[in-house]
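The values are calculated or read from the model by the stated rules, or taken from the named source; none is laboratory data. Bear in mind the structure is a predicted one, so any value in this text is a computation, not a measurement. No Cβ is skipped: glycine too gets one built from the backbone with ideal geometry, and neighbour counts run over all protein chains shown. Surface areas here come from the heavy atoms of the whole protein model, side chains and all, with no ligands, DNA or RNA. Shrake-Rupley method; radii C 1.70, N 1.55, O 1.52, S 1.80 Å.
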Amino acid sequence: MSAVQSISGKGHAANAETYDVVVVGAGFAGMYMLHRLRGLGLSVRVFEQGGDVGGTWYWNRYPGARCDVESMQYSYSFSDELQQEWDWSERYAPQPEILKYANHVADRFKLRPDIQLDTRVDRAAFDESANIWSVTTSDGKTVTAKFVVLATGCLSNAKVPEIKGLSDFKGKVYHTGHWPHEPVDFAWLRVGVIGTGSSAIQSVPVIAAQAKHLTVFQRTANFSIPARNTALTPEERDSSRSNYPEIRRIAREEMRNGIVQELPDRGALDDGANARRAKYEARWAYGGLTFMGVYNNLVLDKAANDTAADFVREKIAEIVSNPQTAKLLQPDNHPIGSKRICVDTDYYATFNRPNVTLVDIRSNPIEEITSNAVRTVGRDHEVDALVLATGFDAMTGSVAKIDICGRDGQTLNQKWAEGPKTYLGLMSAGFPNLFIITGPGSPSVLSNMIVSIEQHVDWIADCVAYMRDRGLEVMEASKEAEDKWVAHVNEVAHSTLYPQANSWYMGANIPGKPQIFMPYIGGVGAYRQICNNVAAKGYEGFAMAAAEQVQKMAVSS
Ligand SMILES: Cc1cc2nc3c(=O)[nH]c(=O)nc-3n(C[C@H](O)[C@H](O)[C@H](O)COP(=O)(O)OP(=O)(O)OC[C@H]3O[C@@H](n4cnc5c(N)ncnc54)[C@H](O)[C@@H]3O)c2cc1C
């Protein structure tokens with residue numbers, strides 16, 4: 001137990017463990033937040049519901065799981081020693097290696113003593129009389145803290161679909177986002193995979209190679225680009241390492257999505273058909289997420305977008321030998337890139353295997369799951385094991401699971417009932433001293449997330465230091481600044497093609513969830529500038545107060 005001083009130097013209530021900051025979650029966000037706050041000399045407790053650090057990479061152990069931002073970029077930049085000493089083996093590291101990296105970071109920076117594993121945060125309530133948060137955890141304890149940081153992850157609340165009969169299924173059921181730690185052997189089994197998003201697209205080729213038979217149940221066909229994954233040579237690693245300062249600067253400041261790539265100077269319709277095709281071919285051959293960066297208007301102009309979408313549809317038709325299967329795999333109900341684009345190794349080619357079947361559940365929905373089959377209209381697809389690759393209640397799901405009570409007894413779930421409202425994705429009015437990392441209203445899932453995580457963590461740490469140095473106790477987003485920001489996020493989203501898709505960016509994969517475009521599309525560089533300007537102007541749009549002024553602030557905010 002640690003009895004510590006608050007950032008204002010006052011002691012806290014007796015009997016409760018008390019910290020300057022409680023951080024919820026020990027993925028990349030929570031770990032770096034801990035490191036920065038400890039560097040400020042603050043007392044910090046991190047609670048993590050999982051059995052170890054790593055977040056996404058602790059939970060998502062499904063076959064084929066790997067990053068789809070290249071590892072030399074999908075890695076922390078805050079420590080030059082760390083980025084110089086770590087060897088990534090492949091262009092896109094597999095999950096076990098990323099988890100090993102997370103563990104290495106925890107050990108190298110001696111983070112573990114301040115991280116309490118296997119402990120879920122269930123409740124956080126703000127005590128307005130003491131300006132302090134009480135945080136209740138699954139072990140029945142309550143601790144208090146001046147600040148709470150939600151590092152709970154955008155893709156951490158696995159979505160189990162509500163399908164009639166699922167609990168009656170006699171075989172094993174796995175969710176890709178909650179995969180067992182022990183190896184899963186599909187040899188000699190008939191396996192069903194439900195869902196065809198990113199996790200399915202990564203796992204289907206690997207499961208197909210093991211299973212006796214694989215049936216893939218597809219509601220929405222998604223666009224996928226070949227990863228062209230390969231081992232990294234020492235020369236490639238050294239080339240990135242020796243240029244890291246510039247690579248990281250470009251990712252942070254010049255790229256919309258935090259991934260370094262050549263920036264196009266023209267739109268898709270500015271080139272003739274042959275030149276356009278050659279550019280698409282080159283990016284297809286290069287592989288990966290940068291495919292959407294061939295032209296500067298692919299997410300803005302439907303006619304431009306169609307040229308890229310048609311190209312990928314043609315590629316699918318070339319790869320998949322059965323024309324009916326190819327047709328089903330060709331996405332036809334959303335612009336390319338408006339749903340998260342996927343990156344694969346042999347996904348489409350897997351449907352040429354004799355042991356793989358594709359079932360279209362858009363036209364022929366799943367009616368129920370029986371003890372040994374997935375039943376669609378008029379047909380039972382017999383399976384021995386089921387893989388739910390059904391994604392996450394994204395961006396807000398893990399926050400919503402915590403009972404967070406702010407000013408005047410209002411809960412965050414009440415406030416966000418019609419969709420999340422934040423100022424800069426960092427704070428929500430009425431919830432003082434509560435920060436969110438990569439929250440809705442920030443670039444977050446539209447970016448290389450480590451770039452966005454590091455930016456948020458640094459901003460929050462600098463803000464807490466600013467408050468401490470000035471004897472300020474409470475900080476809160478103003479309602480006015482929040483409303484303006486929410487309107488801006490919405491306006492920018494609607495100037496693009498993104499809202500045209502029923503995507504998880506919109507909350508469309510969760511029945512009953514309000515459909516609002518959640519991440520900020522303005523780009524990580526522009527967004528960083530906005531956040532820096534806000535800080536430079538004394539945290540414009542936030543009210544900050546010393547203890548004696550807090551009452552007044554609560555009334556006026
Ligand atoms: C399969 C997969 C592949 C991905 N690939 C990429 C990629 O290539 N590039 C990229 O930029 N992003 C990728 N992402 C997104 C990825 O989530 C982020 O890159 C990053 O790992 C997020 O880190 P985080 O710390 O913010 O969240 P997480 O890693 O999700 O960690 C949050 C942690 O908070 C814990 N938690 C949540 N609620 C509570 C609670 N109430 N109490 C206690 N603990 C709690 C969770 O258990 C979790 O461990 C991928 C996501 C998935 C699912």
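Roughly speaking, to the nearest percent, how much of region 300-363's 1.4 Å accessible area is carbon and sulfur? C and S fraction of accessible area: 48 percent. Quick note on region 192-258: its Rg to Rh ratio, both from C-alpha atoms and Rh being the Kirkwood radius, is 1.17.
When only Cα pairs below 8 angstrom with a gap of at least 6 residues are kept, the chain shows a relative contact order of 19 percent. When you restrict to C-alpha pairs under 8 Å that are six or more residues apart and normalise by the size of region 35-161, the relative contact order lands at 27 percent.
Beta bridges from DSSP with both residues in the chain: antiparallel share about 40 percent, rounded to the nearest 5. Rg/Rh for the chain stands at 0.97; both radii use Cα atoms, and Rh follows the Kirkwood definition. FRET efficiency for the LEU263 to ALA231 pair, using the beta carbon distance and R₀ = 22 Å, is estimated at 0.20. Rolling a 1.4 Å probe across the protein heavy atoms gives region 379-465 an accessible surface of 24 Å² per residue.
Considering every alpha-carbon pair of region 20-154, the percent of pairs per 5 Å bin, from zero through the bin containing the longest distance, is 2, 10, 20, 21, 18, 13, 8, 6, 2, 1, 0.
Pairs spanning more than 26 Å between alpha-carbon atoms, out of LYS302/LYS421; LYS479/LYS513; LYS146/LYS479; LYS164/LYS327: LYS302/LYS421; LYS164/LYS327. Label-to-label distance for ALA317 and GLU253 is 4.6 nm, based on points extended 7 Å past Cα in the beta-carbon direction. Taking a straight line from the alpha carbon of LYS110, these lysines sit under 16 Å away, with near neighbours fewer than eight places off in the same chain left out: LYS100. In the chain, the DSSP-assigned H stretches of four residues or longer account for a calculated mean residue ellipticity at 222 nm of -9500 deg cm²/dmol, using -39500 (n - 2.57) per stretch and the full residue count as denominator. Solvent-accessible area per residue in region 114-218 equals 41 Å², computed with a 1.4 angstrom probe and all protein chains kept. FRET efficiency for the TYR244 to LYS100 pair, using the beta carbon distance and R₀ = 25 Å, is estimated at 0.75.
At an R0 of 60 angstrom, the distance between the Cβ atoms of ASP80 and VAL377 translates into a FRET efficiency of 0.55. Share of carbon and sulfur in the accessible area of region 390-434 stands at 47%, probe radius 1.4 Å.
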